[in-house]
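Below: one structure, written as structure tokens.
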Amino acid sequence: MTPTMRQAKIVELARQQGEVSVEELVLAFDVTPQTIRKDLNILCDRGALKRTHGGAMHPSGVENVEYEARRQIAPTEKRAIGRAAAALIPDNASLFINIGTTTEAVSQALADHRGLMVITNNINVANHLRVVPSVEVVIAGGVVRPSDGGIVGEAAVDFIRQFKVDFAVIGVSAIDPDGALLDFDYREVKVAQAIMANARHVILVADQTKFTRTAPVRIGHVSQAHSFITDACPLDSIRQVCAESGTRLIETSAS
């Protein structure tokens, strides 16, 4: 397990339990106390956790804290994924971008493109790109989710279905070893499915921490993506799915 994956699991444990200790994390991950303390220092510096005596706790009390904390998980990896995705998208293209911290990184990497039409259900993406003169931003209507600024619901699905675009940039909450793409919110899943169905080229973007998580609602399957960009793919089963389905696997850490 890489440090990035371990840190993501630590945040997930803290989210589930409220608080974690150095002692229990040493046992859980079979590493030294010094390694765990370094992990906790990194996560606390990023705002993903708060230090306590002997461990750390998950931030609470503000609805959007979890989303802000996710922004700080693997930020360097997400920026590299964003640049790689942007490199696949030519000027004068039309594209969807859905909700997620990695898709936000893609939107930031698109700032130098010209003539783009970007359709999104992500208020954060719209805010990133609305100030770029050469990019036209179209935002979906629907219910705004307070936790992350995502626009979800049937109105958003109906809006997305009005378009047929060149590219879709899709982020997910989790990827199962069998290739299933998963999320937590059924309403967002319906929007993501509409986005994938109405794009000529689907670009899946996910850092490797998504392989360590799970979520209850199925979006689709890795094989439905034309390109899958990640910092590193630790699962041979996913590599096999990509090879068999013709999905192009791009690992930014290998470049």
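The values are calculated or read from the model by the stated rules, or taken from the named source; none is laboratory data. Every value quoted in this text rests on a predicted model; they were computed, and no experiment measured them. Note: ideal-geometry Cβ built from the backbone for every residue, glycine included; neighbour counts use all protein chains shown. The area values use the complete protein model at the heavy-atom level, side chains included, leaving out ligands, DNA and RNA. Shrake-Rupley method; radii C 1.70, N 1.55, O 1.52, S 1.80 Å.
For (1) within 23 Å of P90 (Cβ to Cβ); (2) open to solvent by 70 Å² or more (accessible area, probe 1.4 Å), each residue gets a yes or a no:
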position	(1), (2)
L129	yes, no
E136	yes, yes
V143	no, yes
G149	no, no
query = Is there any pair linking a residue in the range 231-255 that is more than 12 Å from G179 (Cβ to Cβ) and free of Cβ contacts under 8 Å to residues at least 60 places away in the same chain to one that is among the aliphatic types (A, V, I, L, M) and exposed (fewer than 14 other Cβ atoms within 10 Å of the Cβ), with Cβ under 6 Å and at least six apart or on different chains, and which?
reply = none
request  = Pairs only if they're at least six apart or on different chains, beta carbon under 6 angstrom, first in the range 83-100 and within 22 Å of A140 (Cα to Cα), second of a type in the set (A, V, I, L, M) and part of a loop (DSSP other than H, G, I, E, B); list them, first residue then second.
outcome  = A86/L110
ask   = Looking at R83, is it under 22 Å from Q208 (Cβ atoms), at pLDDT below 85 and open to solvent by 30 Å² or more (accessible area, probe 1.4 Å)?
value = no
request  = Kindly indicate the residue of the range 154-191 that is aliphatic (A, V, I, L, M) and closer than 12 Å to A215 by Cβ and also modelled with the lowest pLDDT among those meeting that condition.
outcome  = A174
ask   = Which condition number in (1) touching a Ser or Thr at 6+ places or on another chain (Cβ under 7 Å); (2) hydrophobic (A, V, I, L, M, F, W, C); (3) without any contact (Cβ under 8 Å) to a residue 40 or more places away in the chain is the one that I123 fails?
value = (1)
query = Quick one: T76 ticks every box in (1) loosely packed, with under 15 Cβ neighbours inside 10 Å; (2) of a type in the set (S, T, N, Q); (3) more than 25 Å from M5 (Cβ to Cβ) bar one, so which box is it?
reply = (3)
query = Across the range 200-212, what is the total count of residues that are out of contact with any His (no Cβ under 9 Å at 6 or more places or on another chain) and surrounded by 19 or more Cβ atoms within 10 Å (Cβ to Cβ)?
reply = 7
key: Hits in the range 86-109 - residues which are touching a helix residue (DSSP H, G or I) at 6+ places or on another chain (Cβ under 7 Å), open to solvent by less than 50 Å² (accessible area, probe 1.4 Å) and either assigned to a helix (DSSP H, G or I) or more than 24 Å from V144 (Cα to Cα) (or both)   = A86, T101, T102, T103, E104, A105, V106, S107, A109
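Modelled with pLDDT under 95, among the polar types (S, T, N, Q), open to solvent by less than 70 Å² (accessible area, probe 1.4 Å) and within 25 Å of A105 (Cβ to Cβ) - does that describe any residue in the range 47-61? Spell out how you get there, then give the answer.
As a first pass, look at the range 47-61 and keep what is modelled with pLDDT under 95: 47-61.
Those left that are additionally among the polar types (S, T, N, Q): 52, 60.
Filter again for open to solvent by less than 70 Å² (accessible area, probe 1.4 Å), leaving 52.
Among the residues that remain, those that are also within 25 Å of A105 (Cβ to Cβ) are: none.
No, the range 47-61 contains no residue that is modelled with pLDDT under 95, among the polar types (S, T, N, Q), open to solvent by less than 70 Å² (accessible area, probe 1.4 Å) and within 25 Å of A105 (Cβ to Cβ).
Being in contact (Cβ under 8 Å) with a residue 12 or more places away in the chain and not small (G, A, S): is that true of L27 here?
Numbers: in contact (Cβ under 8 Å) with a residue 12 or more places away in the chain: no; not small (G, A, S): yes.
So L27 fails the test.
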query = Taking interchain pairs and intrachain pairs at least six residues apart, which have beta carbon atoms under 9 angstrom, with the first residue in the range 197-218 and closer than 13 Å to T103 by Cα and the second among the aromatic types (F, W, Y) and outside any helix (DSSP H, G or I)?
reply = V202/F167; I203/F167; I203/F228; L204/F228; V205/F228; A206/F228
query = Does T120 count as among the β-branched types (V, I, T) and open to solvent by 10 Å² or more (accessible area, probe 1.4 Å)?
reply = no
